[in-house]
Amino acid sequence: MKIDIHTHILPKTWPDLERKFGYGGWISLDHHAKDSAKMIKDGKCFRMVECNCWDPVARIDECRETYVDVQVLSTVPAMFNYWARPDHTLFMSKLINDHIAMVVDEHPNRFLGLGTIPMQDDKLAIGELERCIKDLGLIGVQIGSNINGTNLNDESIFSIFEAARDLGASIFIHPWDIMGREEMDKYWLPWLVGMPAETSRAICSMIFGGVFEKLPDLRVAFAHGGGAFPATVGRIQHGFDVRPDLCAIDNDIDPKEYLGKFWVDSLVHDIEMLKYLIGKVGDRKIALGSDYPFPLGEELPGSLIESSDLVTSTKENILYKNALDWLGLPHGHFE
């Protein structure tokens, strides 16, 4: 069995938000050709998407071709909209969440859903988180690696994590609003360098800020194999050791102690890196993630795992069992 925890989906259409709210910065879809659309922001195309980004039937067909049994759906991170007025972000979050819930309801054996919430306003975020879990039947939410420059250890964000813990909601953290983007736009460096750094930023903020210590039952997974964190944890631990006056001011537990306390997806594109990751976090904290349907993802989800010389039990853990653990579901849920 294969459960892919890292896949993105959009509604096929939504209102003209610039006209509705009276200011720019919003994403729209221009369906300029059959089975293809442009993602437009302030009149400029920044990404092309195909129908598999919005059409569940196309997704199911491709899942059959790649032997993926279940996809966990989440929005495209460009749709977080944390920069906007919170009530406007909430409006779009509800539209996105209703769409994901509809797709899951229509194909319950193929999809599970993660919502999106207006993280810049904790009260609105908690309200929509509760609606996602209690009313829509979603299993958690996807959030960004920072919220308008605020790290994930911020007090207002902590209240959202508390609510997620209380609701039994899973959290998927995806890099976005990439630090230094304007200084390294050439060569696609924001995606190649910035995203791994953003994910490490999120992990370090939650470790140093004591989030994992205070909420040990919170089920959190990070995209892209945990980004740069696993490869630099030695440096992070050493910095913690030699400058506790800077690093240990909110939590005095060694950073390395949190390896294996959260999940990461398997999207590292290199078998030696995957084996290294297993050595660091264990084979029970890595779950298949492909970043479907985007080009930086794994074209054949799980192929790196399946073609490796990893033992069968480890392959099974990464391909589906660990996903169910992160989602709080029994291993026989889809049998």
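Please treat every number below as a calculation from the coordinates, not as lab data. The structure displayed is predicted, hence computed values, not measured ones. We place every Cβ from the backbone using ideal geometry, glycine too, and count neighbours over all the protein chains shown.
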- Task: Please work out the C-alpha center-to-center distance from region 22-68 to region 96-120 and express it in whole Å.
- Result: 16
- With T = 20 °C, eta = 1.002 mPa s and Kirkwood Rh from C-alpha pairs, the Stokes-Einstein D of region 181-335 in µm²/s is about 129
- Task: Report the antiparallel proportion of the DSSP beta bridges in region 125-224 as a percent, rounded to a multiple of 5.
- Result: 10
- Item | Under 17 Å from the Cα of Lys275 - lysines, other chains or at least 8 residues apart | Lys285, Lys315
- Query: If the cut-off is 18 Å between C-alpha atoms, which lysines fall inside it for Lys214, apart from same-chain ones fewer than 8 positions away?
  - Reply: Lys256, Lys261
- Item | Helix-only CD estimate at 222 nm, as mean residue ellipticity for the chain, using -39500 (n - 2.57) per DSSP H run (n ≥ 4) | -10500 deg cm²/dmol
- Item | Ordering of 31-44, 308-321, 5-18 by burial proxy (mean other Cβ atoms within 10 Å per residue, highest first) | 5-18, 308-321, 31-44
- The ³J(HN,Hα) series, computed from each phi in region 175-189 with the Karplus coefficients 6.51, -1.76 and 1.60 at θ = phi - 60°, rounded to the nearest Hz and given as x for glycine or proline, is x, 7, 6, 5, 4, x, 4, 5, 8, 9, 5, 5, 6, 6, 4
- Straight-distance crosslink candidates among lysines, where the alpha carbon sits under 22 Å from Lys38 and sequence neighbours closer than 8 are dropped: Lys12, Lys20, Lys186
- Alpha carbon centre of region 200-228 versus region 285-335: separation in Å? 20
- Message: Based on C-alpha coordinates, I'd like the Rg and Dmax of region 110-156, in Å.
- Response: 11.5, 37
- Item | HN-Hα J in Hz across region 27-34 - Karplus 6.51, -1.76, 1.60, θ = phi - 60°, x for Gly and Pro | 8, 10, 10, 9, 7, 7, 8, 4
- Which percent, nearest 5, of DSSP beta bridges in region 19-159 are antiparallel? 70
- Task: Quick one: work out the % antiparallel among DSSP beta bridges in the chain, nearest 5.
- Result: 35
